[in-house]
Each structure stands twice: as C-alpha cells, then as structure tokens.
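K.L.:
Okay, here's the structure, questions in a sec.
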Amino acid sequence: MRVVVFVNAVIMLFFAALMGLCGLFFSDSAMVFEDAFVLVGTVSLFLAIATNHPITAMSRNHTFLLTSSVWLSGTLAGAVPLLIWGMHPADAVFEAMSALTTTGATVLSGLDEAPKGILFWRALLQGFGGIGFIVTGMALLPMLRTGGMQLFRTESSDTGEKELNTAARFAGASLAVYLGLIVLCAVTYHVGGMNVFDAITHAMTTLSTGGFSNYDASFGHFASPFLHWAGTIFMALGAVPFVWYIRAAYRRKFASEQVFVMFKMLAAVILVLSVWLVLRSGRSFFDALTEVAFNVISIVTTTGYATENFLAWGPFAVAMFFFLTAVGGCTGSTAGGPR
C-alpha cells in the first residue's frame, strides 16, 4: 500500500507545483493559489516522505487501486484553490471532478467576470484529465515503468503494443501528440481572433473534449465562423485514438476502421441535419452546416460546447441529438467513447 500512497502523494505534489505557477502568473487570484500551494504541498510532501521506498512491481490489485485512487486524490487537490476562492466544499469537489473527468458539467455562473486564475485552473484540470493520470505518469515518472503495461491497461483501452514496445514509450508518444495538438489548436484560435488567454484555455478544453469555457455563453461567445470550424475540427481530432496518430507517424499507416466509421457517421448526420435546418429556418446552407457541424461533433465527442440552442431546431433535431449523446468518440481517445 505504501507505493500506492507514495504515487498519489507525487501526483498531489505535481498539482501543488501547478498551483504555485498559477500564483505567479495570475495576480487576480495569487493569494488563493499561494495558500493552496502551501496546504497541498505540505500535506503531499509529508506523505511522500513517509511512504518513500524503492519502487517494486505492483500486484494487479494494487494497479487497480492506484488507477482509481489518483482520480480521488487529484480531485481533492484540484478542489483546494476553488475552495479557498470561496466555493462551497461540495461545489468545489464537483467542479474539480467534472474538470478532471472531462465531464464538463459546471456549477459556476458569471464566468465572464470570474478571475482569470480560476478560469485557467479549471481549464488546466480539464486538460490534465483529458490525457489521463496514468498516461501522464507513465510518460513523466520513471518509477512507474516497472510493471508499466499492466498499470497502463487499467487506464487506457488502447495500449499501442504493436506501435511501441513499452507502455512508457507509448504513453510518452501519446502525451507528445496531445500537447502538440493543444499548441496547434491554441495558435489556430489566436489567429482566428481569440486573445492569448482564451486561445490557451479553450485549446485545453477542446482537445480534452471537456468543454469548459470562460464565458456563460460557452463557445457561442465567439461569433466567428472561422473559430466555429476550428473548434469543430479540433474536437473531432480529440475523438481520434492516440494510437492512430502514433501509427501514422511511425509506420505511415492511416487505415482505421473505427476512425473511418466515426467520420462517415458524422458526415451523414451533419448533412441530414443541415438540410433539415435549411428547410426549417431558411438559413443559408453554409450557415446551417457551420452550426450543425459544431454542435453535432460537440455532442458526439461529449465536449459539451454550444454555439446556440439546438433544442429550437425542431423535434427531429432534438431526437437526433438525444441519440447522439450515447455515441461518443473512438476508444483510446480523450472523447467519451466506449471503453
């Protein structure tokens, strides 16, 4: 059990370090993050010291316990800044868990006036949760390399064993792909008109397919077809399994039945709903296609962004969206696909 507690303590130390950095960069909530840094850092440091010993191979039961427990310890650590900021304890834990699991549900309102530090922390938690604790740990923590494939299988349904010969290498490659897509998304958003802060935060919540936004109007705050199409594309990219990117990079193999089926299904649904919206509302086809593509992919990938109230598109559209909520993205991606 000591190794399980030790790894949880290291995860919490990592969160404490992020809190310290947020305190340095965001003056509007510096005291919040400084207090959280001291509290979480002290507790996790003492736990790490008390349980530190040479890491040995873990049993299967321990790997399952570790995979489950890091979500709880990460949530509790992630909730501390929100709690110090003034949220109710239950709300703070809910918000942190929603962020880390990329569920995207929120209890916050008045986001337009919220401190930038808090908004960034929510997006950061979601970005971190999108790739997964074990994937991040396997890539960054050498101590997890022992028995790594067994541990990795408890977190990811797609191990990429045929692409790279160790779980650590596959996790590192997945992390590189994920961060690369986030950077590319942020640059695209900034070119499309977002300020740097919005571009970075929305890039993290887009690729994690979590959907936290800095505004109560969600992505609809940005009345730009370019940004809507950029969001559509990057949400779809977040629903593609990491192993596909790695296979394409290492072996130049692009064929994937589940990716092909997902995009074929998305294209068919978007086309049908676009025609329906044109006939119902009299919009131009491009405008209808833009809105339908964004909202359909947001629902299918479980991102949860919205540009407008699609419930007003009529009963046929409502019925379609109801069934699309159960689809999800590809397995092995950040989207809510079947495991």
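The values are calculated or read from the model by the stated rules, or taken from the named source; none is laboratory data. As the structure is a prediction and not an experimental result, all values here were calculated from the model. Cβ coordinates were reconstructed from backbone atoms using ideal geometry, including for glycine residues, and neighbour counts include every protein chain displayed. For the accessible areas, the whole protein counts, side chains as well, though only heavy atoms, and no ligand, DNA or RNA atoms are used. Shrake-Rupley method; radii C 1.70, N 1.55, O 1.52, S 1.80 Å.
K.L.:
Could you compute the FRET efficiency for residue 318 and residue 107, with r as their C-beta to C-beta distance and R0 at 22 Å, rounded to 0.05?
P.N.:
For residue 318 and residue 107, the calculated efficiency is 0.30.
K.L.:
Tally up the carbon and sulfur contribution to the accessible surface of the chain as a whole percent, 1.4 Å probe, everything protein left in place.
P.N.:
C and S atoms contribute 69 percent here.
K.L.:
Counting pairs of alpha carbon atoms under 8 Å apart in space and at least six apart in sequence, what relative contact order in percent does the chain give?
P.N.:
The normalised contact order for the chain reaches 15 percent.
K.L.:
Say we join alpha carbon atoms closer than 10 Å with springs in a Gaussian network model of the chain; which of 186, 288, 96 then has the biggest fluctuation?
P.N.:
288
K.L.:
Using a 1.4 angstrom probe, figure out how much accessible area region 254-339 has per residue, in square angstrom, rounded to the nearest whole.
P.N.:
Per-residue value: 49 Å².
K.L.:
When you take every Cα atom in region 192-339, what is the radius of gyration, and what is Dmax, the widest Cα pair distance, in Å?
P.N.:
15.3, 47
K.L.:
Using a Gaussian network model of the chain with C-alpha springs under 10 Å, which one of 31, 265, 235 is most mobile by mean-square fluctuation?
P.N.:
In this elastic network of the chain, the residue with the biggest mean-square fluctuation among 31, 265, 235 is 265.
K.L.:
Output the peptides 271-284, 301-314 sorted from most to least packed, where packing is the average of other Cβ atoms within 10 Å over each peptide's residues.
P.N.:
Per-residue mean Cβ counts within 10 Å order the peptides as 301-314, 271-284.
K.L.:
If you don't mind, there's one more thing I want to ask. Using alpha carbons only, how many angstrom separate the centre of region 1-57 from the centre of region 178-226?
P.N.:
28 Å
K.L.:
Hey, rough spin-label estimate for residue 5 and residue 17, points 7 angstrom out along Cα→Cβ, what's it come to in nanometres?
P.N.:
Taking the two extended label points, one gets 2.3 nm.
K.L.:
Using 0.36 nm per residue, how much length does the chain from residue 196 to residue 64 gain when fully extended, once their Cα-Cα distance is taken away?
P.N.:
Result for the pair: 43.6 nm of gain on full extension.
K.L.:
Given R₀ = 25 Å, what would the calculated FRET efficiency be for residue 90 paired with residue 52, taking r from the Cβ atoms and rounding to 0.05?
P.N.:
0.15
K.L.:
Along region 112-127, what does the Karplus equation 6.51 cos²θ - 1.76 cosθ + 1.60 (θ = phi - 60°) give for ³J(HN,Hα), rounded to whole Hz, x for Gly and Pro?
P.N.:
Those phi angles translate into 4, 9, 5, x, 4, x, 5, 4, 5, 4, 4, 5, 5, 4, 5, x Hz.
K.L.:
Enumerate the calculated ³J(HN,Hα) couplings along region 227-232 in order (Karplus 6.51 cos²θ - 1.76 cosθ + 1.60, θ = phi - 60°), each rounded to whole Hz, writing x wherever the residue is Gly or Pro.
P.N.:
5, 5, 5, 5, x, 4
K.L.:
Could I ask something else about it? Extension gain residue 25-residue 223, at 0.36 nm per residue separation less the Cα-Cα distance, in nm?
P.N.:
Taking 0.36 nm per residue and subtracting the Cα distance, the gain is 68.4 nm.
K.L.:
Two decimals, Cα atoms only, Kirkwood Rh: what is Rg/Rh over region 1-130?
P.N.:
Answer for region 1-130: 1.00.
K.L.:
Could you state the orientation-averaged shadow area of the convex hull built on the Cα atoms of region 293-332, in nm² to one decimal?
P.N.:
That works out to 2.8 nm².
K.L.:
Using a 10 Å cut-off on Cβ atoms, rank the peptides 116-122, 4-10 from the highest mean neighbour count down.
P.N.:
Going by the mean number of other Cβ atoms within 10 Å, highest first, we get 116-122, 4-10.
K.L.:
Please tell me the relative contact order of region 18-107 in percent, rounded to the nearest whole number, where contacts are Cα pairs under 8 Å and at least six residues apart.
P.N.:
Contact order relative to length: 24 percent.
K.L.:
May I ask you to work out the translational diffusion coefficient for the chain at 10 °C, viscosity 1.306 mPa s, via Stokes-Einstein with Rh from the Kirkwood sum over Cα pairs, reported in whole µm²/s?
P.N.:
Here the translational diffusion coefficient equals 76 µm²/s.
K.L.:
Then there is this: When the chain is modelled as a GNM with alpha-carbon springs shorter than 10 Å, which of 231, 41, 210 fluctuates the most?
P.N.:
Answer for the Gaussian network model of the chain: 41.
K.L.:
If each residue of separation counts as 0.36 nm, what is the full-extension length gain between residue 309 and residue 285 once their alpha-carbon separation is subtracted?
P.N.:
Once the chain is fully extended between residue 309 and residue 285, it gains 6.8 nm.
K.L.:
Quick check: with the 1.4 Å probe, what order do 215, 250 take by accessible area, largest first?
P.N.:
Order by accessible area, largest first: 250, 215.
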